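Here's the structure, in structure tokens; my notes come after.
The values are calculated or read from the model by the stated rules, or taken from the named source; none is laboratory data. The structure presented is a predicted model; accordingly, all values stated were derived computationally and were not measured. Glycine also receives a Cβ, built like all others from the backbone with ideal geometry; neighbour counts cover every protein chain displayed. Heads up: the accessible areas ignore ligands, DNA and RNA and are worked out on the full protein's heavy atoms, side chains in. Shrake-Rupley method; radii C 1.70, N 1.55, O 1.52, S 1.80 Å.
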Amino acid sequence: MTLQEEITRRRTFAIISHPDAGKTTLTEKLLLFGGAIHVAGAVKSNKIKKGATSDFMEIERQRGISVATSVMGFEYRDVKINILDTPGHEDFAEDTYRTLTAVDSVIIVIDGAKGVETQTRKLMNVCRMRKTPVMVFINKLDRPCKDPFDLLDEVERELQIRVRPLAFPISNGSTFKGVYNLYEKNLSLFTSDERQTADASTVEIDDLASVELDRYVGERYAAQLRGDVELVEGVYDPFDRDEYLRGEVAPVFFGSAVNNFGVRELLECFIRIAPSPRPSTAETRPVEANEPKMTGFVFKIHANMDPNHRDRIAFLKICSGTFERNRNYLHVRSGKQLKFSSPTAFMAEKKSVIDFAYPGDIVGLHDTGNFKIGDTFTEGEKLRFTGIPSFSPELFRYIENADPLKFKQLAKGIDQLMDEGVAQLFTSSLNGRKIIGTVGALQFEVIQYRLEHEYGAACRWEPISIHKACWIESDNAEQLADFKRRKHTNMAVDKHGRDVFLADTSYALALAQENFKDIRFHFTSEF
Ligand code: G4P
């Protein structure tokens, strides 16, 4: 197969949702279609994220929460699909944000009873920033749900994206009849004895006016569907794939993941319309996927897969060319040539050594502590990919050494954990104390646990009251200096030495923005 053919047949995406909307369940069903796993429910209690594959860290076992973001590859109708799993727990949202930098599209799962929830909104902000194409799957139609038109309106309003239903449900909850596929003009009938095993029976209904429809779903629901479809066709513009690819419109599907209902339709449409690897943006130029020379960047570092070693796995997203085992690549940041004798690919239940990988693929590289998030590998060009920012953290604590004899271990541990992107480190300009910023409270426990178990260091947390950290810059050097002088007690530097303003309250932040017009306040580290 040529490089171009390999690229064209690849789809790399993430499923995102608010916890409990059904992301894990949907992932499992997709893997079933791909034959990557064989029996529904084979994965213990439906939780792939709790399975052995992503159970890399002791802390996960202890807490039963997936701290990991793993990759699941499978083939479906000659299409190579890479699902990048994202942590279910919202405290690990930063991990999810970063994973979104490595995907070409996204499927958003929404609970039909609950509608759009906070976590979905936050994740969508990242997709919007990156213009990532999104598809929406409204789940749990077997339960009483909100009205489908209300849900569509809610998605448009809350996620700030136009929607275009490509399927439409017939009732929900105990009277859920099925889903009419507007794209293929067929009807999938829902029956409850299909639970967990087969996919639904589908009937072709070319003409909704036909009495056949009444026979399948009953007169009342047939009439309702006719009305609904008429409304859909009247209200929503025809689906335009280019708009979807530009991130302007989201096709919407309805179904029930746990019943494997509506999932095949989603998958079929996904492989047809979702983008294959898109060009990546580097500082100096855009990089096309079909360029012959290999380029890629590290978007995630995963520590301690083997608890007996402190080794890490760096997840490399291939952006262009063909990645080859045992070939020298330039690690751009260090200027060193490195080669990898056992790069791994991730399948649903196992990882295996690979000889080649193509744009869109994720390769696991063994790392002894030298790689950082955002590191670029090339065949010699000094490229640096952009679009892998740190996000402004929301929770802050001072970190103190709790064991004076282990100072070095603590410093090394903090350094490596920050490189992995577990949290962000700021140094106060006021007193030189180190401040850790995270997006979730659980992160502090993870850091403490890992410092102790992986680095033999002990830390103590002390409270600090900060509302938000933002990076600041200005072309007006005088105003910037004035700002830094006045806000001296609230200034810090990040690990790259860049100025960060630690606002005590949202009011203080708003006031600072108001009073210092020439200063730009950034909520991601890339600007
Ligand atoms: P998440 O990864 O987004 O957090 O959600 P997950 O798939 O774990 O699903 C959360 C719960 O919702 C699970 O139930 C799951 O079985 C259920 N669920 C998923 N899809 C559907 C659906 O289409 N209809 C209904 N009625 N329920 C659905 P649980 O009781 O928390 O766990 P489990 O014991 O069933 O695994």
HN-Hα couplings for the range 210-215 via Karplus (6.51, -1.76, 1.60; θ = phi - 60°), in whole Hz with x for Gly/Pro, come out as 5, 5, 3, 4, 4, 5
Here the relative contact order (percent) of the range 385-474, from C-alpha pairs under 8 Å and at least 6 apart, is 45
Percent relative contact order for the chain, counting Cα pairs under 8 Å at least six residues apart, stands at 13
Between Ser341 and Asp153, the FRET efficiency computed from the C-beta separation at R0 = 41 Å comes out, to the nearest 0.05, as 0.15
Rounded to the nearest 5, the percent of DSSP beta bridges in the chain running antiparallel is 75
At 4 °C in a medium of viscosity 1.567 mPa s, the range 267-393 has a Stokes-Einstein diffusion coefficient, with Rh taken as the Kirkwood radius over alpha carbon pairs, in µm² per second, of 85
Expressed in nanometres to one decimal, the distance between label points 7 Å along Cα→Cβ at Arg333 and Ile464 is 2.2
Short to long, in 5 Å steps from zero, the percent of alpha-carbon pairs of the range 395-522 per bin is 2, 11, 20, 22, 17, 12, 8, 6, 3, 0
Long-range alpha-carbon pairs in the range 193-291, meaning those over 17 Å apart, account in percent for 71
Quick calc, the range 280-378, dipole around Cα centre from Cβ unit charges on Lys, Arg (+) and Asp, Glu (-), nearest 20 debye, gives 240
Inter-part gap, Cα centre of the range 398-475 to Cα centre of the range 234-274, in whole angstrom, is 42
Taking Cα atoms, the helix 148-159 axis meets the longest principal axis of the chain at an angle in degrees (rounded to 10) of 20
To the nearest 10 degrees, the tilt of helix 506-515 (Cα long axis) against the first principal axis of the alpha carbons of the chain is 70
Output ordering of 407-419, 263-275 (per-residue mean of other Cβ within 10 Å, highest first) is 263-275, 407-419
So, with points 7 Å from each Cα along the Cβ direction, the Thr386-Glu473 label distance in nm works out to 0.9
Of every hundred units of 1.4 Å-probe accessible area on the chain, the number belonging to carbon and sulfur atoms, as a percent, is 48
Probe 1.4 Å, heavy atoms of protein chains only: per residue, the accessible area of the chain in Å² is 42
Expressed in nanometres to one decimal, the distance between label points 7 Å along Cα→Cβ at Lys408 and Glu204 is 7.5
For the table Lys293/Lys336; Lys317/Lys434; Lys114/Lys185; Lys293/Lys339, the rows whose alpha-carbon distance is greater than 23 Å are Lys317/Lys434; Lys114/Lys185
Rounded to the nearest 500, the 222 nm mean residue ellipticity computed for the chain from DSSP H runs (n ≥ 4, each -39500 (n - 2.57)) alone is -8000 deg cm²/dmol
For the chain, longest principal axis from Cα atoms; helix 442-455 axis from its Cα atoms; angle between them, nearest 10 degrees, is 60
Treating every alpha carbon of the chain as one equal point scatterer without solvent, the Debye formula yields log10 I(q)/I(0) values at q = 0.08, 0.09, 0.10 Å⁻¹ of -0.55, -0.70, -0.85
Expected sort for 479-487, 294-302 on mean C-beta neighbours within 10 Å, highest first, is 294-302, 479-487
